[in-house]
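The values are calculated or read from the model by the stated rules, or taken from the named source; none is laboratory data. A quick note: this is a predicted structure, and the numbers were derived from the prediction, not measured. Here the Cβ positions follow ideal geometry from the backbone for every residue, glycine too, while neighbour counts run over all protein chains shown. For the accessible areas, the whole protein counts, side chains as well, though only heavy atoms, and no ligand, DNA or RNA atoms are used. Shrake-Rupley method; radii C 1.70, N 1.55, O 1.52, S 1.80 Å.
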Amino acid sequence: MLGLLAGYYGKWVDSVVMRVGDVLLSMPMMLIAILVTAVARQMLPSAWRDVGLMAVIVLAISISAWVQYARTVRTRPMVERDREYVQAARLIGVPVHRILPAARSNCRSRRAARGCAAM
């Protein structure tokens, strides 16, 4: 979703999302996972430690993995936003959430390629 918004709006939204992504990419994923897990372990009550810790590990890995998807998905709205049908939709006042689904096909193909590569 962040890639779609960054690609569609461009300018400062794109800059902020991509710079945050650059910072996350510059750190090793395992280091982020360890730091988030260590902080969360201290904050979780003892009754939730076992179940909550697994959720925290998944969250920590997700925090560092979204950047590759956002970069890939970002390219499609950048191409589509200058097309005539998008400009016409903007002109007649179509909301953004009605225009962006046309660019989501790139996201689906990225997920499919990632799943096929893992097989």
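Results, tabulated for the structure shown:
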quantity: Filter result for the condition that a residue is part of a loop (DSSP other than H, G, I, E, B) and either touching a residue at least 60 places away in the same chain (Cβ under 8 Å) or not basic (K, R) (or both), over D22, D82; calculated: D82
quantity: Of all residues making up the stretch 29-78, the number that are of a type in the set (V, I, T), open to solvent by 60 Å² or more (accessible area, probe 1.4 Å) and touching a residue at least 40 places away in the same chain (Cβ under 8 Å); calculated: 1
quantity: Yes/no for S15 being at pLDDT 80 or above, open to solvent by less than 60 Å² (accessible area, probe 1.4 Å), of a type in the set (S, T, Y) and within 15 Å of the chain's Cα centre (by Cα); calculated: yes
quantity: Single residue of G7, G52 found to be touching a Leu at 6+ places or on another chain (Cβ under 7 Å), on the phi < 0 side of the Ramachandran plot and among the small types (G, A, S); calculated: G52
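Quick grid of which residues meet (1) under 16 Å from the mean Cα position of the chain (by Cα); (2) small (G, A, S):
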residue: M1; (1), (2): yes, no
residue: G7; (1), (2): yes, yes
residue: A33; (1), (2): no, yes
residue: A40; (1), (2): no, yes
residue: V58; (1), (2): yes, no
residue: Y69; (1), (2): yes, no
residue: R74; (1), (2): yes, no
residue: E80; (1), (2): no, no
residue: V86; (1), (2): no, no
